[in-house]
Structure formats: structure tokens, C-alpha cells
Amino acid sequence: MKMTECAFVEGMVRLCSDGWQQGWHERNGGNVTYRLTAEETEEARHCLTRLPGEWVKLGIAVENLAGEWFLATGSGKFFRNVPLNPEDCLCLVELNETGDSYRLRWGLCNGGKPTSELAPHMINHSVRKAATGGACRVMYHAHPAHIVALTFLEELTDKAISRALWQSETEAPMVFPGGVGVVGCMVPGSIDLAWASSEKMKEYDSVVWAHHGLFASGPDYDTAFGLMHTVEKAAQVRVLVTGAGGAKQLITDEEIRAIAEGCGVQIREEFLQ
Ligand code: 2HA
Ligand code: ZN
């Protein structure tokens, strides 16, 4: 069996293709990582085509991820090219037994490095793995235009952005009743952005990066992609309505509560009035 035939690789290829078609990945924008299960790691070991790379320091230590394997997009790779050549655009990395270094096991067949956001992804995997009892496996970062636009229109707080999204589409409180975290405008790929995001990820499954994009997590590709899509759709409605002259009415706090109650999810009450 070839690595590209493994379901966890096919799933990432599909996500990259779908994200590109949504218009969320100009040039080399965005990145995604997936934490393999023990079974998938065994499967991957049978599909290796090269010797392991050298160990490279991560710059951080993620002890609860020690020894784990991750599938990742490559630094500078374009999402639109992933389906054409997954073995050039993607890579498998293995973490060492202390969780402070990684080495390449597969992919990047024409050279290169894992995503420039590898450290942020690892810190956030570490936090979400702990927060979800091991369920969380996907970290997905994209640049959807409307969520970026919203960060110019609303106050940059968790409450203001979460409530603006909930007020704009009934699907929003159902899909992310916990809201979204928000961090200010920070240097892309920086360790400061990584730490700021991971503080938010202790409480939220997605974080808005002001004027930049969204970082979304989930137990599988569908859930993480679906969260990205739902946040972006609500932001799109908000921005469309704002640009059309502003809302005559919004979904009220009472209606948001009723929607959450109706589908049996716990809304973050302190964000409502
Ligand atoms: O170009 O999206 O945040 C990759 C990125 C950096
Ligand atoms: Zn980005």
C-alpha cells in the first residue's frame, strides 16, 4: 500500500482541495496538521519510502505528544497543489521521546520543511489533546475573507466576536456554543502567536487571529473543516448585512438561548446579556 492511499492522507488531501475551492488559501496561505492514531502510525510504518531525517529542535517541549506522528502541510506549499502531488506538499513528522524535537519520516519528496506554524500546531495539539481527553486530532488554519473582515468591524474580544457570529446565523450557536477565542494582530508563525492561541485553546476549539484568519480544531477532518466553514459563513452574513446598510434586527440573546436549548448544547451564557 502507498502512503497516499492511507485514509488519513486522503482525508487531508480532500480538506486541502476543499479549502482551496472555498478561496481560503491564497498562495501558500494556511496549514493543517493531523495527529495519527496508534493504528494509523503502524499502517504508516509499512508505507515508508525513505530513511528518517535528522532530529530538529521544535523550540518548545510538548511532553504529552512525545513519540507521536503527525501529518502536516509543508512550509511554502500551496494548498491548490496538494491534490496534484501530495508527496511533494505534505509530510509525516515524528516527535522524539521528550517531545522537543521532530524528524521527517515521509513526504516533501523534493525537499523542504514542515509548515512554518509547526510549533503553534504542536502547542495547540498538546492543549487540545489534554482538554478533550485525547479526542482532538486536527489543527486547521485558513484565511477566510469574511472572518478576517469581521476583525475590522467588531471589538477584538472573545465575547464581541462570538456574539456577533451567533447573532448572524442560527447554525452558529449550534455548532460553536462555546464561542470562539480571539487574539490580536500578531506576527504570523511567531512563538508569541502560538502561546497566545494555546491560552485560548484551553477553553475554545477555535481561535480568531485578528486581521489574519482562523485556527480551528476537531477530532477529525470533517469536524475541523465544518467548524471553519460555519464560523466563516456566519461572518459572511454579518459582513454582507453590515455592507448592505446594517441590520434591521439581529438574532436576539433569547433566540440564541432557545436555539442552544433546542439542540441540547450549552451556550456560553456569560457572552449573552
Ligand atoms: O502562509 O498561513 O500563518 C502560511 C500561513 C501563516
Ligand atoms: Zn496564516
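Solvent exposure of the chain amounts to 44 Å² per residue of accessible area, where only protein heavy atoms count and the probe is 1.4 Å.
Ligands, DNA and RNA left out, the accessible area of the chain computed with a 1.4 Å probe is 51% carbon and sulfur.
Of all DSSP bridge pairs formed entirely within the chain, close to 90 percent run antiparallel.
With +1 on each Lys and Arg Cβ and -1 on each Asp and Glu Cβ, and nothing else charged, work out how big the dipole of segment 157-218 is about its Cα centre, in Debye to the nearest 20. Don't skip to the answer; put the middle values down first.
Details: 4 positive and 7 negative charges, 20 e Å.
Charge dipole, segment 157-218, about its Cα centre: 100 debye, nearest 20.
A protection proxy built from the mean count of other Cβ atoms within 10 Å ranks the segments 41-50, 208-217, most packed first, as 208-217, 41-50.
Taking all Cα pairs closer than 8 Å and separated by 6 or more residues, the relative contact order of the chain comes to 18 percent. Charge dipole (Cα centre; +1 on Lys/Arg Cβ, -1 on Asp/Glu Cβ; no other charges) of the chain amounts to roughly 600 debye.
So if the hydrodynamic radius of the chain is defined as the Kirkwood radius over C-alpha pairs, what does Stokes-Einstein give as its diffusion coefficient at 20 °C and 1.002 mPa s, in µm² per second? Walk me through the numbers before you get to the answer.
On the way: Rh = 19.0 Å.
Roughly 113 µm²/s, to the nearest whole number.
So how tilted is helix 253-262 from the main axis of the chain? Cα-based, degrees 0 to 90, rounded to 10. The answer is roughly 50 degrees.
Provide the packing ranking of 134-142, 261-269, i.e. peptides ordered by the mean count of other C-beta atoms within 10 Å per residue, highest first.
On the way: 134-142: 23.3, 261-269: 13.1.
Final packing ranking: 134-142, 261-269.
For the set 6, 109, solvent exposure ranked by accessible area (probe 1.4 Å, protein chains only) runs largest to smallest as 109, 6. A dipole drawn for segment 163-273 from +1 and -1 charges on Cβ atoms has a positive end, and of 244, 258, 229 the residue lying farthest that way is 244. Can you give the angle from 0 to 90° between the axis of helix 191-201 and the longest principal axis of the chain, with both taken from C-alpha atoms, to the nearest 10? Once rounded, the angle reads 60 degrees. Ranking 267, 82, 148 by Cα position along the charge dipole of the chain, where only Lys, Arg, Asp and Glu carry charges on their C-beta atoms, puts 82 farthest toward the positive end. For the chain, modelled as a GNM whose springs connect Cα atoms under 10 angstrom apart, the maximal fluctuation among 64, 31, 124 occurs at 64. The fraction of Cα-Cα pairs per 10 angstrom bin, counted from 0 for segment 1-114, comes to 15, 47, 32, 6 percent, rounded to whole percents.
Mean residue ellipticity at 222 nm from the helices of the chain, using -39,500 (n - 2.57) per DSSP H segment of n ≥ 4 over the full residue count, to the nearest 500 deg cm²/dmol?
Working: 10 runs with 109 residues, N = 273.
Helices in the chain give a 222 nm mean residue ellipticity of -12000 deg cm²/dmol.
The values are calculated or read from the model by the stated rules, or taken from the named source; none is laboratory data. Keep in mind it's a predicted model, so treat the numbers as computed, not measured. Positions of Cβ are generated from backbone atoms using ideal geometry, with glycine treated the same way; all protein chains shown enter the neighbour counts. Accessible surface areas use protein heavy atoms only, side chains included; no ligands, DNA or RNA. Shrake-Rupley method; radii C 1.70, N 1.55, O 1.52, S 1.80 Å.
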